[in-house]
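Comments concern the structure below.
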Amino acid sequence: ATQQLNDHFDDHQPFSLSPITLQKLPHLSEYLQDLQPAGPNPLDRNPFFYPSDGFYITSSDVVLRHTVCRLSPSGAPDYPFHHVAYIRAGPRKNIFFDPSTTRAAIVTCGGLCPGMNTVIRELVVGLWDLYGVRQIFGIKAGYRGFYSTPPVELSPKMVHNWHMRGGTVLGTSRGGFDLKKIVDAIQNHGFNQVYIIGGDGTMRGAVKIFEEVQRRKLRIGVTGIPKTVDNDVGIIDRSFGFQTAVEMAQQAIHAAHVEAESAVNGIGLVKLMGRSTGHITLHATLSSRDVDCCLIPETEFYLEGKGGLFEFLEQRLKERGHAVVVVAEGAGQDLIPRTKAQEEERDESGNRVFLDVGAWLKSELKKWWDRDHPNELFTVKYIDPTYMIRAVPANATDNLYCTLVAHSAIHGVMAGHTGFVTGPINGNHAYIPLIDVAQAKNAVSTKDHKWEWVRSVTNQPDFVKS
Ligand code: ATP
Ligand code: MG
């Protein structure tokens, strides 16, 4: 391939790729020296499978993080300067857990996200059907459930229609992370595989559980499945539920547009999920085309004065009689006045409390209009579809994603890997060290083509104060 690419350049300048670093994936055998494989993968015996050469993934199969490169002549650094490769996800020829003695636990933590039930269902069905595991348990109501309530035994019969349901049948919660109690409970229940579904906080907790399991030298595989409707997890392409959320967000934007269009000087205001990142807001804006202004946490904005939001909306109302503003929940947090109590308030998991940017904007818009246009009609219709979006079942694309991610997680754990996360990188599922995912962020880049595209769709100001 290098030769062909070299031939492609007219001047026959040779080029080189930057070095590739393979991201090492933790394995039980690293701290359990005498660990031996339990045997060949039972997929061999499954009459529905005819594993061919290449069916099994080896530790030499990798997924490159960056597939978009800028080639440069030999000697000069190309972009990116360093390539990172992750181990490819999928079934391995040998497994390290005997299915007859495997006891798996599944837990869901944090807020709701479309697809949580599908992931649980596919973990149960996958363990049961692909590997013949019969001891599968659900932990109720998040991390605290490990030590506070008895586990629920799960079977394919019990979970067969869970993918049709929103929420999480197992229940979820914030807070309650007590490392010692959790790992003690995992040991006492005899679990040797732990599947943890949750957001950024949950993944940070999962790292601690994995490290404690390692410290105690336990033969327990720990894996995380990132759940974030906001798509704020780094490295992976996207997390499950995101596509469903964008689809639902579009419906809310459509409703806001109808309301705004039908009023005199109507503003439709929609607040969407996204505390640290504006992916849902951005994608919903791009796909709906009804949005006049898109506000996300990654960009600043201001209300008054030249180039501000009010001036822009005044212009839009004059031209079109209505406007639609979409704001991510994390946007403008520094603009909203906070009381001392709000300044210090934290939620159960220790997160800073977010103030309602939508309600604040609505009231500021009304104040502005009454001040500048005292006798003219004006309407703001504020829609906050958050809980409606979070609670729906996953759409077709997300359901398929959930199935792939659950099965990949099972294959990895059965193969003895631990302390990892499964997710797609450039469309190919890979295993990523938990610790990398717990630290990585996925912010919207306001310097790339996608943000320029938003600006061209909305024609909104750049909010750069002159
Ligand atoms: P969401 O996407 O809804 O924010 P999340 O996983 O970030 O999901 P949190 O409520 O922050 O939701 O955390 C979920 C669980 O993880 C809670 O039980 C919390 O106690 C635990 N947790 C959060 N942060 C940490 C941390 N740094 N170390 C250990 N556990 C944590
Ligand atoms: Mg969180």
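Things to note:
- Considering all C-alpha pairs of segment 87-214, those separated by over 19 Å amount to 48%.
- Pair Lys441, Lys208: separation of 7 Å Cα→Cβ label points (nm): 2.1 nm
- Based on the Stokes-Einstein relation at 37 °C and a viscosity of 0.692 mPa s, and on the Kirkwood radius from alpha carbon pairs, the chain is assigned a translational diffusion coefficient of 135 µm²/s.
- Exposure proxy ranking, count of Cβ atoms within 10 Å, fewest first, for Tyr131, Tyr56, Tyr302, Tyr401: Tyr302, Tyr56, Tyr131, Tyr401
- Helix content alone sets the calculated 222 nm mean residue ellipticity of the chain: runs of n ≥ 4 DSSP H residues at -39500 (n - 2.57) each, divided across all residues, give -10500 deg cm²/dmol.
- Potential extension, Glu452-Lys465 segment - 0.36 nm per residue separation minus Cα distance: 2.8 nm
- Dipole axis of the chain (+1 Lys, Arg; -1 Asp, Glu on Cβ), positive-most option in Gly266, Ala284, Met164: Met164
- Full-extension gain in nm, Glu304 to His254, via 0.36 nm per residue minus C-alpha separation: 15.3 nm
- If R0 is taken as 22 Å, the Cβ-Cβ distance between Ser100 and His160 corresponds to a FRET efficiency of 0.40.
- Protection proxy ranking of 100-111, 251-262 - average other beta-carbon atoms within 10 Å, highest first: 100-111, 251-262
- Peptide ranges 190-199, 173-182 listed from the most packed, as the mean C-beta count within 10 angstrom indicates: 190-199, 173-182
- Cα centroid separation - segment 84-115 against segment 306-372, whole Å: 42 Å
- Annotation: for a label point projected 7 angstrom from Cα along Cα→Cβ of Leu22, no residues of segment 404-423 have a backbone N closer than 13 Å.
- The packing ranking, built from the mean of other Cβ atoms within 10 Å per residue, places the peptides 368-375, 328-335 in the order 328-335, 368-375, highest first.
- Helix 179-188 and the longest principal axis of the Cα set of the chain meet at an angle near 40°.
- Environment charge of Glu153, counting only residues whose C-beta is closer than 14 Å and scoring Lys/Arg +1, Asp/Glu -1: +4
- Put simply, the amide H of Val421, placed in the peptide plane, has neighbours under 5 Å in Gly224, Ile432, Leu434, leaving out anything fewer than 5 places away on its chain.
- Calculated FRET value between Gln333 and Asp129, using beta carbons and R₀ = 35 Å, to 0.05: 0.15
- Computed label-point distance, nm, for sites Arg45 and Leu286 using a 7 Å Cα→Cβ extension: 4.8 nm
- Taking the number of Cβ atoms within 10 Å of each Cβ as an exposure proxy, the fewest-first ranking of Asp384, Asp200, Asp356 is Asp356, Asp384, Asp200.
- HN-Hα J in Hz across segment 124-138 - Karplus 6.51, -1.76, 1.60, θ = phi - 60°, x for Gly and Pro: 5, 5, x, 4, 5, 7, 7, 10, x, 6, 10, 10, 10, 10, x
- Trypsin sites (Lys or Arg not before Pro) restricted to DSSP loop in segment 253-341 with at most 12 other C-beta within 10 Å: Arg289, Lys306
- Under 21 Å from Lys93, Cα to Cα: lysines that are on another chain or at least 8 residues apart: Lys24
- Per-residue extension of 0.36 nm, minus the Cα-Cα distance of Ala396 and Tyr31, leaves a gain of 127.3 nm for this segment.
- Spin-label pair Lys318/Gln187, simplified geometry with 7 Å Cα→Cβ offset, distance in nm: 7.3 nm
- For a label point 7 Å along the Cα-to-beta-carbon line of Lys180, residues of segment 145-162 with backbone N under 19 Å: 145-149
- Rounded Å value of the spacing that divides the Cα centres of segment 188-251 and segment 396-466: 13 Å
- Trypsin sites (Lys or Arg not before Pro) within segment 373-466, DSSP loop, no more than 15 other Cβ atoms inside 10 Å: Lys447, Lys465
We did not get these values from a lab; they are worked out from the coordinates using the rules stated. Computed from a prediction, not measured in an experiment: that's the story for all the values here. With ideal geometry, Cβ positions are generated from the backbone for all residues, glycine too; neighbour counts draw on all protein chains shown.
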